[in-house]
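Structure first, then comments.
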Amino acid sequence: MSINATLIGQMITFALLVWFTMKYIWPPFINAMEERKKKISDGLAAADKSQEDLKLAEKKAKNIIKDAKDQSSEIVTLAQKRANEIVEESKDNANKEAERRIQAAKAQIEQEIEQTKEALRKEVAALAVSAAEQILGAEIDQNKHQGIISKVSDKL
């Protein structure tokens, strides 16, 4: 095959194209690819770091939840203990109040018994005077013989 002007023209054009591409097109293209490669590697590194941070955050969250559960169980235990103490205090107070009321009722009963005894003594004394009057057939002066009646009623 013979080398003619067309083939030489094509070789020169090709050489100019290669030179132009290497001088003006190739460097920005390579830079863009390097920047893209760097962005991708930075993104992957950030994703890996984010995954590690996520794992750490999950561990911290689990620890916080565990601590919160422990604290809540402590609070519940203390509340139950305090509730039991309040119940015991209430029982003690109720027992003391019941004992006080029983003592007051006993005192009132004793007082009523004494009042009833005194009323019975007076009534027995009056009956005794009345019976003595009827037996003796004479009137006995109650004012004169009050001392004797008091002694007899005390003996009763």
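Tell me, what is the FRET efficiency for Ile86 and Gln51 to the nearest 0.05, using R0 = 35 angstrom and their Cβ-Cβ distance as r?
Taking R0 as 35 Å, the efficiency between Ile86 and Gln51 is 0.10.
Can you give the FRET efficiency to the nearest 0.05 for Val124 and Gln103, using r as the Cβ-Cβ distance and R₀ = 25 Å?
The computed FRET efficiency comes out at 0.20.
Report Rg/Rh for the stretch 65-117, rounded to two decimals, where Rg is the Cα radius of gyration and Rh the Kirkwood radius.
Rg divided by Rh gives 1.56.
Per residue of the stretch 59-65, in order, report the coupling 6.51 cos²θ - 1.76 cosθ + 1.60 (Karplus, θ = phi - 60°) as ³J(HN,Hα) in whole Hz, putting x for Gly and Pro.
4, 4, 5, 4, 5, 5, 5
Could you compute Rg(Cα) / (2.2 N^0.38 Å) for the stretch 1-106, with N its residue count?
My calculation over the Cα atoms of the stretch 1-106 gives 3.39.
Which angle from 0 to 90°, rounded to the nearest 10, does the C-alpha axis of helix 146-155 make with the longest principal axis of the chain?
60
Structure shown: which of Lys106/Lys151; Lys37/Lys62; Lys49/Lys69 lie over 32 Å apart, alpha-carbon to alpha-carbon?
Lys37/Lys62
We did not get these values from a lab; they are worked out from the coordinates using the rules stated. Keep in mind the model is a prediction, meaning the values are calculated, not measured. FYI the Cβ positions are ideal-geometry reconstructions off the backbone, even for glycines, and counts take in every protein chain you see.
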